[in-house]
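Chemist: Structure incoming, see below.
The values are calculated or read from the model by the stated rules, or taken from the named source; none is laboratory data. Only a predicted model underlies this, so the values are computations on that prediction, with no experimental measurement involved. Backbone-built Cβ (ideal geometry, glycine too); neighbour counts: all protein chains shown. Each accessible area value is taken on the protein alone, full model and side chains, heavy atoms only, with ligands, DNA and RNA left out. Shrake-Rupley method; radii C 1.70, N 1.55, O 1.52, S 1.80 Å.
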Amino acid sequence: MSQDRQYWDEKLETQSRAEWDALKLGLLQEHLRHAYANSPYYRASFDAAGVHPDQLKTLDDLRRFPTLDKKILRERQEAAPLLGDLAAVPEREVVYVSASSGSTGVPTVSPFTQQDFDDWIDYEARQFWSSGLRPHDRYAHSLNFSLFIGGPCVLGAQKLGALTIHAGTVPSERLLAILKQFQATAIWTTPSYAWYLGETAQKEGIDPKTELAVKRIFVAGEPGGSIPETRARIEALWGADVYDYYGLSDIFGSCAGMCEHKDGLHWAEDHILVEVIDPDSGEHVPYGERGEMVLTTLKKRARPLIRFRTGDIVSFTDAPCGCGRTSQRLLGVHGRRDDMLIIRGVNIFPSDVEAIVRKDHDFSGEYRLVVDRVDHLDRLTIEAEHHADFRGSSAELAERLKDKVKALTGVGAHVSILDPDTLPRATHKAKRVEDRRGQVWTR
């Protein structure tokens, strides 16, 4: 493929909106039939709702089908280990699984057939290409490889022909040494870490703009990449362009990303059908308005997801981009329906902590998560009350909670042990999260 070529797949990426809808309808009809015929969960769910794949004649007909959420994913996986009864292929056809931790402590598994995996990696190559990555680049992938859905995204850069450096999550000094030795021209990490890494380089006497070769930084896992002020600060620090990506562990890695125009995130529209609904009524909201994002896979055969409620409050547009691509674009993740936090790219729920403090009787059971930003990095502090009868060491109790939270979620947290009755009590719904970062992703 010529490096001067603008598109990875020009015919697909520049087709009309009518052609996009026709493509999605054909894929959706086949996908629903596959799910109904091969997944025990979907057959029972569709039958209970009085719907059948043959009834889907238009994209709007999908609204008649039932939704599901993360809670159902966990329950169905536990009901039929390992893959759950949403799975629509036998385990022998599954070649890869990613996993994310949940409030039960049991990772939620996302399975892939070989075709699922190949389709995903081809999309990652397309997305990298839209962001300007080319075969002459040296790309350092600085994301976690341990069951994390973002790990294999590096293969997209490899597929388009870039020299790929599987750096992973190594200490900052080691990563800087890698970037300097290999003179990497592109990296992928979280926005806060990109900022932190640049400042760490300066503290070590390294000027990122002159002594490192990084010209493209792909970021995901946190809002900062789509906050213009944050993006501008990172770009000024590195002398590089920052491109925001969005993904979720339940389908595949990055499924939306900025092109070189940086005007929203192009959606993987031939892989995932998106709906934006009023979180309470379930009615669709127009383009440009905020609502909860609901996703339906169109090709993923191992575990179809039909009308999956993500909990993300988003807005979209279908207006053509200046780059010539015509896919829908994600304009912002404006918040969450629940109290899920994203700390340095890792999801953590208050219920993760609740499961620990209410099982350990040295705690009163009352707790709070406090998030602030220190040196451009998100910091999580867990405030937990000790039990009135506790006579041990608060320092040891704090370390025990810290270790358990780290083991369950992968998140390193500070822990503050409080006296009983310190935290406020609520008569209805307790406020478990205090977010002091003060900045949300919005356009």
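Chemist: Which residues, taken from the range 336-359, are under 24 Å from residue 143 (Cβ atoms) and open to solvent by less than 30 Å² (accessible area, probe 1.4 Å)?
Modeler: Correct list: 340, 341, 343, 345, 348, 352.
Chemist: Pairs only if they're at least six apart or on different chains, beta carbon under 8 angstrom, first in the range 278-294 and assigned to a strand (DSSP E or B), second open to solvent by 70 Å² or more (accessible area, probe 1.4 Å); list them, first residue then second.
Modeler: 284/63; 292/337
Chemist: In addition: Would you pick out the residues in the range 360-396 that are surrounded by 17 or more Cβ atoms within 10 Å (Cβ to Cβ), of a type in the set (A, V, I, L, M) and under 17 Å from residue 421 (Cβ atoms)?
Modeler: The answer is 384, and nothing else.
Chemist: For the list (1) open to solvent by 50 Å² or more (accessible area, probe 1.4 Å); (2) closer than 29 Å to residue 157 by Cα, I need the number of the one condition that residue 289 fails.
Modeler: Going through (1) open to solvent by 50 Å² or more (accessible area, probe 1.4 Å); (2) closer than 29 Å to residue 157 by Cα one by one, residue 289 breaks only (2).
So that you can scan it fast, the table gives a plain yes or no per residue for (1) open to solvent by 70 Å² or more (accessible area, probe 1.4 Å); (2) free of Cβ contacts under 8 Å to residues at least 40 places away in the same chain; (3) under 30 Å from residue 73 (Cα atoms); (4) not aromatic (Phe, Trp, Tyr):
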{"site": "4", "(1), (2), (3), (4)": "yes, yes, no, yes"}
{"site": "15", "(1), (2), (3), (4)": "no, no, no, yes"}
{"site": "35", "(1), (2), (3), (4)": "no, no, yes, yes"}
{"site": "39", "(1), (2), (3), (4)": "no, no, yes, yes"}
{"site": "51", "(1), (2), (3), (4)": "no, yes, yes, yes"}
{"site": "61", "(1), (2), (3), (4)": "no, yes, yes, yes"}
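Chemist: Could you give every pair whose Cβ atoms fall below 6 Å, whose first residue belongs to the range 330-359 and is free of Cβ contacts under 8 Å to residues at least 60 places away in the same chain, and whose second residue is open to solvent by 20 Å² or more (accessible area, probe 1.4 Å), counting only separations of at least 6 or pairs across chains?
Modeler: Cβ pairs passing all conditions: 337/279; 340/347; 340/349; 356/404.
Chemist: So in the range 116-158, with the set limited to residues that are open to solvent by 30 Å² or more (accessible area, probe 1.4 Å) and aliphatic (A, V, I, L, M), which one is nearest to residue 242 (Cα to Cα)?
Modeler: Here the answer is 155.
Chemist: Can I ask one more? Are any residues in the range 295-325 open to solvent by less than 40 Å² (accessible area, probe 1.4 Å), in a strand (DSSP E or B) and among the charged types (D, E, K, R), and if so, which ones?
Modeler: 312
Chemist: A follow-up question, please. Within the group 180, 209, 159, which residue is in contact with a Gly (Cβ under 7 Å, 6 or more places away or on another chain), touching a residue at least 24 places away in the same chain (Cβ under 8 Å) and either over 20 Å from residue 127 (Cα atoms) or among the basic types (Lys, Arg) (or both)?
Modeler: 209
Chemist: Check residue 96 against each of (1) touching a strand residue (DSSP E or B) at 6+ places or on another chain (Cβ under 8 Å); (2) assigned to a helix (DSSP H, G or I) and name the one condition it does not meet.
Modeler: Evaluating residue 96 over (1) touching a strand residue (DSSP E or B) at 6+ places or on another chain (Cβ under 8 Å); (2) assigned to a helix (DSSP H, G or I) leaves (2) as the failure.
Chemist: Could I ask something else about it? When you go through 28, 23 one by one, which is the residue that is surrounded by fewer than 16 Cβ atoms within 10 Å (Cβ to Cβ) and within 27 Å of the chain's Cα centre (by Cα)? Can you show your working first?
Modeler: On the way: 28 fails: surrounded by fewer than 16 Cβ atoms within 10 Å (Cβ to Cβ).
Of the residues listed, the single one that is surrounded by fewer than 16 Cβ atoms within 10 Å (Cβ to Cβ) and within 27 Å of the chain's Cα centre (by Cα) is 23.
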